[in-house]
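The values are calculated or read from the model by the stated rules, or taken from the named source; none is laboratory data. Given the structure is predicted, the values throughout are model-derived calculations rather than measurements. Positions of Cβ are backbone-derived with ideal geometry, glycine not excepted, and every protein chain shown enters the neighbour counts.
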Amino acid sequence: MYNKRRSDFDRAKKNAGKGSSQPFIKNYARERHTKLKVGEPVMLMDFLLQKMGGMSKTSVKNLLAKRRVSVNGSVESQYNFQLNTGDLVEIDSTNTKYKFSHPKVKIIYEDNYLIAINKDVGLLSVSSPLHEEVTAYKIILNYVKKQNLRNNLFVVHRIDRETSGVLIFAKDFDTQNNIKEHWHDDSHQRFYYALVEGEVEKDDDSIVSWLTENPKSLKVHNSFFDNGGEQAITSYHVVCRKKGMSLLKVNIKTGRKNQIRVQLSAIGHPIVGDRKYGATTSPIGRLGLHAASLTIVHPNTGEPVTFEAPIPKVMHL
């Protein structure tokens with residue numbers, strides 16, 4: 001048993017890799033999970049007080065605040081959440097002092113299957129052959145490994161380094177495959193906010209074009225006729241126009257590399273700060289693109305779930 005545990009430890013330490021933004025914690029988290037079946041409708045707080053062996057209200061609220069309680073596989077932090085007969089409540093009392101905190105990443109949702117974050121601008125989603133540095137993936141992998149060294153993390157999608165907003169990862173291979181398989185279904189929706197140069201004339205419109213990437217410059221080029229590239233479909237609504245700029249709410253039907261940036265530039269309204277695709281101004285000191293909302297069908301419950309990240313203040317007009 002000792003040799004296997006040491007082997008697991010060494011492997012996980014190696015996998016932490018260079019450039020990790022958080023120190024690797026050497027102690028194992030001692031897992032302690034309690035699963036309880038709900039016999040009759042009751043509020044979550046009352047249920048936990050009844051079942052947790054004399055715990056105080058403060059202790060129970062602490063468990064909820066630390067996201068240590070899940071109902072039917074989804075983390076629940078509201079003490080007045082209504083439980084129904086047959087619900088499965090799981091309490092994680094794992095002995096660990098680690099609490100997630102990072103200046104570039106905020107966890108906005110987590111359950112036993114996936115984790116959704118709000119990624120800050122300037123942070124890569126995942127590493128590439130050209131970039132061996134701290135990424136959102138490495139940060140969250142480090143977080144889940146500190147809970148249990150057997151935990152893993154799987155990439156579902158990416159957003160550009162210069163783009164902030166919602167990014168999700170799967171906690172197991174089956175969940176990753178399920179989400180990716182249905183990624184382009186109508187039930188999945190991805191909304192962005194884009195702050196662009198100029199006052200866009202049409203209140204609502206759709207852009208359909210074909211995109212090709214230059215393998216040397218890695219720049220994506222747009223064509224409004226089928227030239228053999230990848231078809232990209234983007235629709236937008238003008239939220240407001242002010243100071244020679246427009247704030248757009250954008251919905252992408254496809255997920256091509258740099259899609260929104262390339263297509264908005266192609267209609268004469270590049271995103272502010274996006275010099276790669278023709279912007280001449282940078283009034284907010286960053287790229288004016290934010291992944292605001294992502295809706296998917298949860299792979300376990302089969303119900304739609306939406307993850308949201310509020311638009312950064314600097315993008316308000």
**Prompt:** When residue 279 is evaluated against the numbered criteria (1) touching a Leu at 6+ places or on another chain (Cβ under 9 Å); (2) crowded, with 22+ Cβ neighbours inside 10 Å; (3) farther than 24 Å from residue 167 by Cα, which criterion, by number, is the only one it fails?
**Reply:** (2)
**Fill in**
Only one of 123, 149, 153 is within 30 Å of residue 241 (Cα to Cα), in contact with a helix residue (DSSP H, G or I) (Cβ under 6 Å, 6 or more places away or on another chain) and of a type in the set (A, V, I, L, M, F, W, C), namely 123
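Conditions tested, residue by residue: (1) touching a strand residue (DSSP E or B) at 6+ places or on another chain (Cβ under 6 Å); (2) under 19 Å from residue 274 (Cβ atoms); (3) surrounded by fewer than 18 Cβ atoms within 10 Å (Cβ to Cβ).
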| position | (1), (2), (3) |
| --- | --- |
| 172 | no, no, yes |
| 186 | no, no, yes |
| 200 | yes, yes, no |
| 208 | yes, no, yes |
| 219 | no, yes, yes |
| 226 | yes, no, yes |
| 232 | yes, yes, no |
| 236 | yes, yes, no |
**Request:** Could you please let me know if residue 167 is touching a residue at least 24 places away in the same chain (Cβ under 8 Å) and part of a strand (DSSP E or B)?
**Result:** yes
**Request:** Filter segment 246-276 down to residues that are β-branched (Val, Ile, Thr) and within 25 Å of the chain's Cα centre (by Cα) and give me whichever is surrounded by the fewest Cβ atoms within 10 Å (Cβ to Cβ).
**Result:** 254
**Prompt:** Could you list, in sequence order, the residues of segment 142-158 that are at pLDDT 95 or above and among the aliphatic types (A, V, I, L, M)?
**Reply:** 153, 155, 156
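Matching residues to (1) more than 28 Å from the chain's Cα centre (by Cα); (2) of a type in the set (Lys, Arg); (3) closer than 20 Å to residue 306 by Cα:
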site	(1), (2), (3)
189	no, no, yes
203	yes, no, no
207	no, no, no
211	no, no, no
219	no, yes, no
236	no, no, yes
244	yes, no, no
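Can you find a residue in segment 126-148 that is assigned to a loop (DSSP other than H, G, I, E, B) and under 15 Å from the mean Cα position of the chain (by Cα)?
There is at least one residue in segment 126-148 that is assigned to a loop (DSSP other than H, G, I, E, B) and under 15 Å from the mean Cα position of the chain (by Cα).
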